[in-house]
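Working notes, structure below.
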Amino acid sequence: MNKKLIKSIASITCGLGIVSSIPFASTSCGSSYTNILPTKLLKIDENGVLEGFVSTFNPNNYQNKRYDTIKVPKNVTGVSASAFDYRYDPDACPTYIKKIDFSGCSNLVFLSYCCFRDFKSITSIDFSECTNLSTVYSGYCFEGTDIETLDFSETNFTKFDSELDQGQGVDFTNFLYGAGRLLHSLILPGCLQTISTNVFLNAYLSVIYWNNLKNIPTVTAGTFEHVRSTGIVGVIGKESTVKNADLVTALKNNGNLPKDWTQPLLNPSENL
């Protein structure tokens, strides 16, 4: 997302608190990550698919070298199933890694099943300039992480649909299932116009924004049944033409957004 826009938005206090005039938290609560793990430790196949770490990677060998970031090469086209899934081998997780940086990965197209599941130390994933990211092969991508905000504002997702091209394996069911005990904020691209039931199952969101939204999205009944009982939903970005009040009303009427969700008191884009 445009950095000027982010700076114009007051941050939610680190943790789980919410203030209704404040759209979303910074992904790292003011921290910056600069110590990049050597790229040679990443396993990338001949098609540019990131498959995790190379087989010789031992996290203990890098424990005290202050590495905190995985910077993904710009030629990566996707992330394979269970690439960084530590559900069944938690001791293999490099818990000193806090951020995964996909910024500038314009060739990135897809994420796969459980690709970051139980990478518990992750607090931030940067998808800025991932302008071709549009596909998910099943869900649970971020389950068990400590991500606070997921910013998809610069991606090309048009549908979060549980019935989208399942014959090809494309399925957004449970995409954000259990997406971290701290996840409360989601920023969506304006091109995302369809959301179906079960995408947000067990993802207890409290802040949802669309960036540069020009049309009210289509949502199915029950889409928002599993978000928190109170929260904020609205639009950001200079190109947005949809009004906050109209968006809130539509999502409540069509997607079961809880009645105590409100529009923000302040429009963050007005300060630009």
On a 1.4 Å probe surface of the protein chains, which of GLU51, GLU129, GLU143 comes out largest in accessible area, and what is the full order? GLU129, GLU51, GLU143
Highest to lowest packing among 110-120, 91-101, scored as the average C-beta count within 10 Å: 110-120, 91-101
For ASN58, what is the net charge nearby, where nearby means another residue's Cβ is under 15 Å from its Cβ and Lys, Arg count +1, Asp, Glu -1? +1
If you place +1 on the Cβ of every Lys and Arg, -1 on the Cβ of every Asp and Glu, and leave all else neutral, what size is the dipole of segment 175-251 about its Cα centre, to the nearest 20 Debye? 140 debye
TYR137, TYR62, TYR86, ranked by accessible area, largest first (probe 1.4 Å): TYR137, TYR62, TYR86
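How charged is the neighbourhood of PRO38? Take every other residue with its Cβ under 15 Å from the Cβ of PRO38, and add Lys/Arg as +1 and Asp/Glu as -1.
So the environment of PRO38 carries a net charge of +3.
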SER124 accessible area, assembled protein chains, probe 1.4 Å, Å²: 10 Å²
By how many nm would the segment from THR262 to LYS243 grow when fully extended, if each residue of separation counts as 0.36 nm and the alpha-carbon distance is taken off? 5.6 nm
Treat every Asp and Glu Cβ in segment 83-127 as -1 and every Lys and Arg Cβ as +1, leave all other atoms uncharged, and give the resulting dipole magnitude about the Cα centre to the nearest 20 debye. 100 debye
Once you have the alpha carbon radius of gyration of segment 188-272, what is it after dividing by 2.2 N^0.38 Å, with N set to its residue count? 1.01
For CYS191, what charge total do you get from the other residues with a beta carbon under 14 Å from its beta carbon, if Lys and Arg give +1 and Asp and Glu give -1? -1
Just how far, in whole angstrom, is segment 193-272 from segment 61-81 if you go by their alpha carbon centroids? 32 Å
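Rounded to the nearest 0.05, what FRET efficiency do ASN107 and LYS252 have when you use their Cβ-Cβ distance and R0 = 41 Å?
Details: r = 38 Å, r/R0 = 0.93.
Efficiency computed from Cβ-Cβ geometry: 0.60.
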Cα gyration tensor shape for segment 57-125, rounded if a/c is under 1.5, else prolate or oblate: oblate
Taking 0.36 nm per intervening residue step and subtracting the Cα-Cα distance, what contour gain separates TYR62 from ASP45 on full extension? 3.8 nm
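The values are calculated or read from the model by the stated rules, or taken from the named source; none is laboratory data. Quick caveat: nothing in here was measured; it's all calculated off a predicted structure. Every residue, glycine among them, receives a Cβ derived from its backbone with ideal geometry; neighbour counts consider all protein chains shown. All accessible areas refer to the heavy atoms of the entire protein, side chains included, with ligands and DNA or RNA removed. Shrake-Rupley method; radii C 1.70, N 1.55, O 1.52, S 1.80 Å.
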